[in-house]
Amino acid sequence: MIVKIIDLDKIRRQTQNLLDNNLAEAKIVAKEIGSLFKKGRVEEANKFKEKSVELKKKSKELSETLEKVKTDIHELLIQIPNIPHPSVPPGKSEQDNEMVAEEGAIPDLPKNALPHWELAAKYDIIDFDLGSKITGAGFPVYKGKGARLQRALINFFLDEALKNNYLEIQPPLLVNEASAYGTGQLPDKDGQMYHVGFDNFYLIPTSEVPVTNIYRDVILNFKDLPIKNVAYSNCFRREAGSYGKDVRGLNRLHQFDKVEIVQIQHPEVSYETLEKMQNYVASLIRKLNLPFRTLNLCGGDLSFTSAKTYDFEVFSAAQKRWLEVSSVSNFENFQANRLKLRFKDSDGKTKTAHTLNGSALALPRIVAALLENNQTADGIKIPEVLVKYTGFELIT
């Protein structure tokens, strides 16, 4: 692809040069025509007019070729992913991800411990069949204490973000094509997004998309940085081709709830900010008393837009597996270039900002781990930090 872009750029430069020369010659011919008419040399002037027509025709052809080449280059450029930061480990898949930390005790559950989808049915708090009836698979219905637990987690995550000086945003759930392109969902994730064809809108896969696009085509002042936003939203992902036991219950959904943190930061401190965001997400999981691990994703497991990403996984004791609940990423200037998101620095120069975001947190797998890890003979215990939000300590 890179070689093709280089070859196309050579054609672009050659075509531009030919067009410039052609236009320059046309300008000279136009002056000559005027001069000949003034001198009464009509026959000679008419010959130059014929040449002028040919030059205009050639200019039109060259302009059309140039625009097509520019379009072809653009279509290829937007398919090139971000460049990994030097601290990103080499590798091709999740097996090559680097363990950063692991903490929290994995609970020792009784032999008859149930996975969360069976607990949900036992306590009548999440109805997967009803969701399938109303919409389809991957759209659960939360009921009673299940719905209250969802609301408790959302409020807890938002309140924690506000304590850390994030500004709460309530964004639209639909975005236009320019917004989806700006944060890198298009064209990379086109097949994974729900598209409203009549209006050419997209249901958001995460509130990162509308929140970051607040700053599209904006020039900030360096004194405004960092900008820290938090948003709760429903998220929608088609997840085409996702089947099997690993996606049962809440493990993978088409619609889910998530609280997202977004920062616009000065390039000189964006990696310091990434570490702070990583520590913040870890603090949320820690307060929920869930065992978790932090991974530094290898180059082959990075998303299209990310320069560096930390993944957080909690251990789901009944399933005996790790479940991803958050990604915290630094996109450097990748999104900002698409968004034309800039700032005036202290030296007066206009520079491109860095964007970062993180799930803080995505609810489904957090709920799955909470239900499984906290099941007892008396019911499911609610973490202490959530009790003031739920109004109950036990799901019975």
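So that you can scan it fast, the table gives a plain yes or no per residue for (1) touching a residue at least 60 places away in the same chain (Cβ under 8 Å); (2) closer than 29 Å to LYS189 by Cα:
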{"residue": "LEU18", "(1), (2)": "no, no"}
{"residue": "GLY40", "(1), (2)": "no, no"}
{"residue": "GLU43", "(1), (2)": "no, no"}
{"residue": "LYS68", "(1), (2)": "no, yes"}
{"residue": "ILE78", "(1), (2)": "yes, yes"}
{"residue": "PRO81", "(1), (2)": "yes, yes"}
{"residue": "VAL88", "(1), (2)": "yes, yes"}
{"residue": "LYS92", "(1), (2)": "yes, yes"}
{"residue": "MET99", "(1), (2)": "yes, yes"}
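Within region 169-185, which residues are surrounded by 14 or more Cβ atoms within 10 Å (Cβ to Cβ) and in contact (Cβ under 8 Å) with a residue 60 or more places away in the chain? Within region 169-185, ILE169, PRO171, LEU173, TYR181, GLY182, THR183, GLY184 qualify. Looking across region 272-287, the residues that are over 18 Å from the mean Cα position of the chain (by Cα) and either surrounded by 18 or more Cβ atoms within 10 Å (Cβ to Cβ) or not in a helix (DSSP H, G or I) (or both) come down to ALA282, LEU284, ILE285.
So, in region 21-39, exactly how many residues are assigned to a helix (DSSP H, G or I) and open to solvent by 30 Å² or more (accessible area, probe 1.4 Å)? Here the count works out to 13.
Every condition in (1) at pLDDT below 95; (2) under 28 Å from the mean Cα position of the chain (by Cα) holds for ASP96 except the one numbered (1).
Only one of the numbered conditions (1) among the acidic types (Asp, Glu); (2) crowded, with 23+ Cβ neighbours inside 10 Å; (3) touching a Lys or Arg at 6+ places or on another chain (Cβ under 7 Å) is not met by GLU239, and that is (2). In region 40-70, of all residues being of a type in the set (S, T, N, Q) and within 49 Å of the chain's Cα centre (by Cα), the one that is most open to solvent (accessible area, probe 1.4 Å) corresponds to THR65. Mind checking whether some residue in region 322-339 is free of Cβ contacts under 8 Å to residues at least 12 places away in the same chain, farther than 20 Å from ARG237 by Cβ and not in a strand (DSSP E or B)? Taking every residue of region 322-339 in turn, none turns out to be free of Cβ contacts under 8 Å to residues at least 12 places away in the same chain, farther than 20 Å from ARG237 by Cβ and not in a strand (DSSP E or B). Output yes when any residue across region 288-302 is surrounded by 23 or more Cβ atoms within 10 Å (Cβ to Cβ), at pLDDT 95 or above and more than 26 Å from VAL247 (Cβ to Cβ), and no when none is. No: region 288-302 contains no residue that is surrounded by 23 or more Cβ atoms within 10 Å (Cβ to Cβ), at pLDDT 95 or above and more than 26 Å from VAL247 (Cβ to Cβ). Looking at region 144-248, the strands (runs of 3 or more DSSP E) lying wholly inside it that each contain 1 or more residues that are under 28 Å from HIS116 (Cα atoms) sit at 201-203, 227-236.
Name the pairs: first residue in region 299-312 and more than 11 Å from VAL88 (Cα to Cα), second residue surrounded by fewer than 23 Cβ atoms within 10 Å (Cβ to Cβ) and small (Gly, Ala, Ser), Cβ to Cβ under 9 Å, at least 6 apart or on different chains? Cβ pairs passing all conditions: SER303/SER327; ASP311/SER327; PHE312/ALA282; PHE312/SER327.
Of all the residues in region 129-168, those that are open to solvent by 60 Å² or more (accessible area, probe 1.4 Å), acidic (Asp, Glu) and in contact (Cβ under 8 Å) with a residue 40 or more places away in the chain number 1.
The set of residues from region 123-160 being more than 23 Å from LYS381 (Cβ to Cβ) and β-branched (Val, Ile, Thr) comprises ILE134, THR135, VAL141. Regarding ARG293, is this residue of a type in the set (Lys, Arg) and either at positive phi or not in a strand (DSSP E or B) (or both)? Spelling it out, it is not the case that ARG293 is of a type in the set (Lys, Arg) and either at positive phi or not in a strand (DSSP E or B) (or both).
Picking from residues in region 309-340 that are basic (Lys, Arg) and farther than 26 Å from ASN251 by Cβ, the one that is surrounded by the fewest Cβ atoms within 10 Å (Cβ to Cβ) is LYS340.
The values are calculated or read from the model by the stated rules, or taken from the named source; none is laboratory data. Treat the numbers as computed from the prediction; the structure is a model and nothing was measured. Glycine gets a Cβ as well: all are built from the backbone with ideal geometry, and neighbour counts include every protein chain shown. Quick note on the areas: whole protein, heavy atoms, side chains included, nothing else; ligands and nucleic acids left out. Shrake-Rupley method; radii C 1.70, N 1.55, O 1.52, S 1.80 Å.
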